[in-house]
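The values are calculated or read from the model by the stated rules, or taken from the named source; none is laboratory data. As the structure is a prediction and not an experimental result, all values here were calculated from the model. Positions of Cβ are generated from backbone atoms using ideal geometry, with glycine treated the same way; all protein chains shown enter the neighbour counts.
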Amino acid sequence: MNNKIEIPLSKNKIIFLTIISFLFVIAGIWLFVNAKNFQSNSLQLLRNPVVIKITGITGILFFGTAGIYGVKKLFDKKPGLIIDQNGITDNSNASSIELIEWKNITNIQTGQVMSTKFLLIKVKNLEEYIEKSKNGLKTKLMKANLRTYGTPITITSNTLKYNFNQLKNLIQIEFEKYKNTN
């Protein structure tokens with residue numbers, strides 16, 4: 001029996017996140033250009049033009065990369081997530097690494113940064129998953145996830161046509177169903 005669940009990417013969510021990214025790029029450019037004239041009454045550090053320029057450049061680089069990734073995802077025809085008897089095939093975010101086999105998953109937890117909730121997929125062979133990453137940025141993201149959350153693998157519903165709580169429940173049910181079958 002092949003019980004395959006496909007969850008598509010949400011083009012509306014991706015468009016929204018991409019627009020927000022490019023607005024932050026514009027803010028970064030504005031900070032960089034106006035660093036000498038920028039005044040902050042709250043923090044002494046934000047009165048230093050060099051710090052303001054570095055902040056602007058950092059914002060441009062980070063959010064520019066996120067915006068480019070968003071544009072790329074708009075044309076991605078693959079499902080955001082596939083859940084089947086083999087495991088979870090993730091194509092939902094910049095640190096996705098394709099198939100996460102049920103037999104390698106030890107636990108599924110939730111995490112949250114500000115208002116963004118995500119699933120922490122704990123796996124047996126952490127380094128093997130990091131080695132699967134296809135580029136340096138993805139490797140860095142996965143290593144940062146490992147340092148911060150104890151796992152390189154996180155899944156969010158931010159780019160999916162799915163509610164986070166429903167996604168969490170669905171993956172937990174499928175994990176319980178398949179974890180001992182492979």
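More than 22 Å from Lys4 (Cα to Cα) and touching a residue at least 40 places away in the same chain (Cβ under 8 Å) - does that describe any residue in the stretch 83-94? Yes, the stretch 83-94 has at least one match.
If you go through the stretch 66-95 and pick out every residue that is part of a loop (DSSP other than H, G, I, E, B), over 14 Å from the mean Cα position of the chain (by Cα) and buried (at least 18 other Cβ atoms within 10 Å of the Cβ), you end up with 1.
Against the condition in contact with a Leu (Cβ under 7 Å, 6 or more places away or on another chain) and over 30 Å from Leu126 (Cα atoms), how does Gly56 come out, does it pass? Lay out the reasoning, then the answer.
Details: in contact with a Leu (Cβ under 7 Å, 6 or more places away or on another chain): yes; over 30 Å from Leu126 (Cα atoms): yes.
Judged against the criteria, Gly56 is a match.
Under the condition of being of a type in the set (A, V, I, L, M) and more than 30 Å from Gly64 (Cβ to Cβ), the residues counted in the stretch 137-182 number 3.
Within the stretch 64-79, is even one residue in contact with an Asp or Glu (Cβ under 9 Å, 6 or more places away or on another chain) and either of a type in the set (Phe, Trp, Tyr) or modelled with pLDDT of 90 or more (or both)? Break it down into steps so the answer makes sense when it comes.
Filtering the stretch 64-79 down to residues in contact with an Asp or Glu (Cβ under 9 Å, 6 or more places away or on another chain) leaves 79.
Those still in the list that are either of a type in the set (Phe, Trp, Tyr) or modelled with pLDDT of 90 or more (or both) too: 79.
Scanning the stretch 64-79 turns up at least one residue that is in contact with an Asp or Glu (Cβ under 9 Å, 6 or more places away or on another chain) and either of a type in the set (Phe, Trp, Tyr) or modelled with pLDDT of 90 or more (or both).
hydroxyl-bearing (Ser, Thr, Tyr), over 17 Å from Leu160 (Cα atoms) and in contact with a strand residue (DSSP E or B) (Cβ under 8 Å, 6 or more places away or on another chain): is that true of Thr65 in this structure? Let's see the steps before the verdict.
Values: hydroxyl-bearing (Ser, Thr, Tyr): yes; over 17 Å from Leu160 (Cα atoms): yes; in contact with a strand residue (DSSP E or B) (Cβ under 8 Å, 6 or more places away or on another chain): no.
So Thr65 fails the test.
Looking only at residues in the stretch 127-182 that are in a helix (DSSP H, G or I) and touching a Pro at 6+ places or on another chain (Cβ under 6 Å), which one is surrounded by the most Cβ atoms within 10 Å (Cβ to Cβ)? If you could, list the steps in order and put the result at the bottom.
Taking the stretch 127-182 and keeping what is in a helix (DSSP H, G or I), we get 127-131, 136-149, 164-178.
Now restrict to residues that are touching a Pro at 6+ places or on another chain (Cβ under 6 Å): 129-130, 142, 145-146.
Working: Tyr129: 21, Ile130: 20, Met142: 24, Asn145: 20, Leu146: 16.
Only one residue fits best here, namely Met142.
Those residues that are under 20 Å from Glu174 (Cβ atoms) and not in a strand (DSSP E or B), I need them from the stretch 96-124; list them, please. Passing the criteria: Ser96, Ile97, Trp102, Lys103, Asn104, Lys124.
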